[in-house]
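Accompanying notes for the structure given below.
The values are calculated or read from the model by the stated rules, or taken from the named source; none is laboratory data. Because the structure is predicted, anything quoted here is derived from the model rather than measured. Heads up, the Cβs are rebuilt from the backbone with ideal geometry, glycines too, and the neighbour counts pull from every protein chain shown. Keep in mind that these areas ignore ligands, DNA and RNA; they rest on the heavy atoms of the full protein, side chains included. Shrake-Rupley method; radii C 1.70, N 1.55, O 1.52, S 1.80 Å.
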Amino acid sequence: MLASEYKWQSCLLADMASDRWSSGLGFLLATVGAAVGLGNIWRFSAVLGSNGGGAYLVPYLLAAFCLAVPMLVLELAVGRTLRSDVVSAFRSVDTTYTAFGWLVVGGVSLILSYYLVLTGWVFGFLLSWLGGSRTTFATFTAGWLPVGYFVVATVLTGAIVARGVRSGIERLSTVVMPTVFALLVALAVYAVTLPGWGRAVGFLFTPDLTVLVDPGLWSAAFGQVFFSLSVGQGIMLTYGSYVDEDTDLLRSSLLITVADISAALLAGLVIFPIVFTFGLQPTLGTELAFTTLPTAFASMGAGRVVAVAFFGLLFFAALSSSVSLLEVGVAAATNTTRLDRGRATLVLTGGVFLAGVPSALSYSPLDLAVAGTPILDLVDESVGTYALPVSAILIAVVFVWAADLEQVRDALGRLYPLVRYAIPPVLVVVTGTKAAGIARPAWRLLLDGARDESLALAVTVVALAALSAMGWWLRSRLPYPRRQGRRRG
Ligand code: PHE
């Protein structure tokens, strides 16, 4: 596309965005809120521990600083340059790419549909331990409460996004992110006093360098980094469209990455001392949060306080990530349809809710499952595994190769060659190894439960085809918004 056409498109897009973060700190807290979530707290350190401890940190840190940071800068810079949501951004490069934008929105919304179910569980456990009833996973999922809490998590997420960028998303992050870090630090200080602390540090950081020759480990580490940082999903692009011109995006990206890794390591230094002190096995994912840790809390003196702090921080972390996932679709809908923020949020939240009902019902008395795999696990295994890298590839290829924007190149500086030549092939290889069954699960949130890889692959193909068809159909049917300044912060 010609430079002059770009300018025109950019002007048009610039008209769309009147929302801004109130300050650089507000922006950082919101992006860290998007990144730090369930993935950091119940996944990273467990994967680290079971994959060679300190050795796993080598591919992880390499992936974080060589791939995720440049990708973060790219997304934030594209958002800021075009001042648009993910769909309009793709559309501004070429109208045929609009379908890719909707594909990204579809993938992110499907992830949100089950992320909200998990957020609901965390909320349920928080209330139960707060009230002193110390529920267990089996008891909890034997009733309908998980479905009720899914509704609560969905309504809460919708209500925050409906309030807008400043009064909703930023205000939430300003309250919850400092709380999350304060609780993590407080719990880590408590964990140092436990007899299992030394063993936990050994478990987390003892290097086993032999694992470095395993290609599956590298691919897993790369996947974990992208998942944990919420990068490549249009979230950072959307949040970047609310950033001021003078914010240093490279510095911000480094800070976001360091905060995300710190949250994960701190969580490990809380969780594993507890696990070892109470003679339990280090487990992963939902098993860890809802079965292993509650067993320890139940036999601790101050168990109730520790449990409330743990589920509280987990809930806050999950909620701010849910909000970021919903904002991607809401920003796209407000910009590409005639809906205002309130209505767009209502429509999208409703859609995400409907998509999440089967996942919610798969851990209820109905036990909804396909070939023995609960629907929630299946969505995680399919969409969670493939939608994430596919979205990241689309963003990296379209905004670097198809649209080589000057401001984006400036923001990337010396990182530019990494984005252009390293990220797309690495992402393709990582996704390919997963599809070929070589790689370990990496992009997903869960790790336990029954797995059916070919079923997941089939579901993925169907979901991607359906979303692409929908995106293609929508590409020329939606108008640009009528006037500027409609969205409010
Ligand atoms: N990064 C979030 C977490 O660690 C989850 C997430 C993944 C959110 C992908 C958006 C996109 O839990």
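Using 1/(1 + (r/R0)^6) with R0 = 25 angstrom and r between the beta carbons of Ala466 and Val347, what's the FRET efficiency to the nearest 0.05?
Details: r = 18 Å, r/R0 = 0.74.
Efficiency, rounded to the nearest 0.05: 0.85.
Which of the helices in the chain, when you take each full DSSP H run, stretch at least 30 Å along the axis at their Cα atoms and have an average Kyte-Doolittle score of -1.0 or higher?
Details: long enough: 98-130 (46 Å, 1.67); 171-192 (32 Å, 1.94); 249-277 (42 Å, 1.94); 303-336 (50 Å, 1.49); 453-474 (31 Å, 1.65).
Helices passing the filter in the chain: 98-130, 171-192, 249-277, 303-336, 453-474.
What do you get for Rg/Rh of the stretch 337-420 when both radii come from the Cα atoms and Rh is the Kirkwood radius?
Using only Cα positions, Rg/Rh for the stretch 337-420 is 1.19.
Taking the Cα centre of the chain as the origin and placing charges on Cβ (Lys, Arg +1; Asp, Glu -1), which of Thr154, Gln224, Val397 is farthest toward the positive end of the dipole?
Of the candidates, Thr154 comes out farthest on the positive side.
Taking the simple approach of a point 7 Å from Cα along Cα-to-Cβ for both Val428 and Asp340, what is their distance in nm?
Taking the simple label geometry, Val428 and Asp340 are separated by 4.7 nm.
Which of the peptides 246-257, 98-109, 329-340, 199-210 is most tightly packed, and how do the rest follow, judged by the mean count of other Cβ atoms within 10 Å per residue?
Numbers: 246-257: 17.7, 98-109: 26.5, 329-340: 23.5, 199-210: 15.6.
Ranked by mean Cβ neighbours within 10 Å, highest first: 98-109, 329-340, 246-257, 199-210.
Return the whole-Å distance between the Cα centroid of the stretch 89-161 and the Cα centroid of the stretch 163-232.
Cα centres, the stretch 89-161 to the stretch 163-232: 20 Å.
In vacuum, with every alpha carbon of the stretch 376-419 counted as one equal point scatterer, what does the Debye formula give for log10 I(q)/I(0) at q = 0.21, 0.30, 0.33 Å⁻¹? Two decimals, please.
For the stretch 376-419, the Cα-only Debye profile gives -0.69, -1.00, -1.09.
Quick one: what do you get for the stretch 25-172 if you divide its Cα Rg by 2.2 N^0.38 Å? Before the final figure, lay out each step's value.
Values: Rg = 19.0 Å, N = 148, 2.2 N^0.38 = 14.7 Å.
Computed over Cα atoms of the stretch 25-172, the ratio equals 1.29.
Report the far tail of the P(r) of the stretch 111-222, meaning the percent of Cα-Cα pairs longer than 22 Å.
Numbers: 3744 of 6216 pairs.
Of all Cα-Cα distances in the stretch 111-222, 60 percent exceed 22 Å.
Averaged over all directions, how much area does the convex hull of the C-alpha atoms of the stretch 181-257 cover when projected, in nm²? Spell out each step's value before the answer.
Values: hull surface 31.8 nm².
Directional mean of the projected Cα hull area for the stretch 181-257 stands at 7.9 nm².
Please give the solvent-accessible surface of Tyr60 in Å², to the nearest 10, using a probe radius of 1.4 Å with every protein chain present.
Surface accessible to solvent at Tyr60 totals approximately 0 Å².
Against the 2.2 N^0.38 Å scaling, with N counting residues, where does the chain land? I'd like the Cα-based Rg ratio to two decimal places. Let's see the in-between values first.
Working: Rg = 21.3 Å, N = 489, 2.2 N^0.38 = 23.1 Å.
For the chain, the normalised Cα radius of gyration comes out at 0.92.
What is the calculated FRET efficiency for Val258 to Arg304, with r their C-beta to C-beta distance and R₀ = 30 Å, to the nearest 0.05?
Details: r = 33 Å, r/R0 = 1.09.
Calculated transfer efficiency: 0.40.
To the nearest µm²/s, what D does Stokes-Einstein give for the stretch 223-370 at 25 °C and 0.890 mPa s, using the Kirkwood radius over alpha carbon pairs as Rh? Walk me through the numbers before you get to the answer.
Numbers: Rh = 18.5 Å.
Using the Kirkwood radius from Cα pairs, D works out to 133 µm²/s.
Leaving out ligands, DNA and RNA, what percent of the accessible area of the chain is carbon and sulfur, probe 1.4 Å? Intermediate results must be reported in sequence, preceding the final value.
Numbers: 11690 of 17410 Å².
Roughly 67 percent of what the probe reaches on the chain is carbon or sulfur.
For the residue pair Val175 and Thr95, what label-to-label distance in nm results when each label sits 7 Å from Cα along the Cα-to-beta-carbon direction?
4.4 nm
Per DSSP H run of at least 4 residues, take -39500 (n - 2.57); add these up for the chain, divide by its residues and hand me the 222 nm value, nearest 500 deg cm²/dmol. Spell out each step's value before the answer.
Working: 22 runs with 323 residues, N = 489.
Calculated at 222 nm, the ellipticity per residue is -21500 deg cm²/dmol.
For Asp248 and Ala159, FRET efficiency with R0 = 25 Å and r from the beta-carbon atoms, rounded to 0.05?
Values: r = 33 Å, r/R0 = 1.31.
The calculated FRET efficiency here is 0.15.
Could you give the distance between the Cα centres of the stretch 284-352 and the stretch 403-426, to the whole Å?
Using only Cα atoms to place each centre, the spacing works out to 32 Å.
Using only Cα atoms, what Kirkwood radius does the stretch 43-99 have, in angstroms? Intermediate values should be presented prior to the final figure.
Details: mean 1/r = 0.0731 Å⁻¹.
Evaluated on the stretch 43-99, it is 13.7 Å.
Convex hull over the Cα atoms of the stretch 104-169, averaged projected area in nm²? Don't skip to the answer; put the middle values down first.
Working: hull surface 21.6 nm².
Its Cα hull, projected and averaged over all orientations, spans 5.4 nm².
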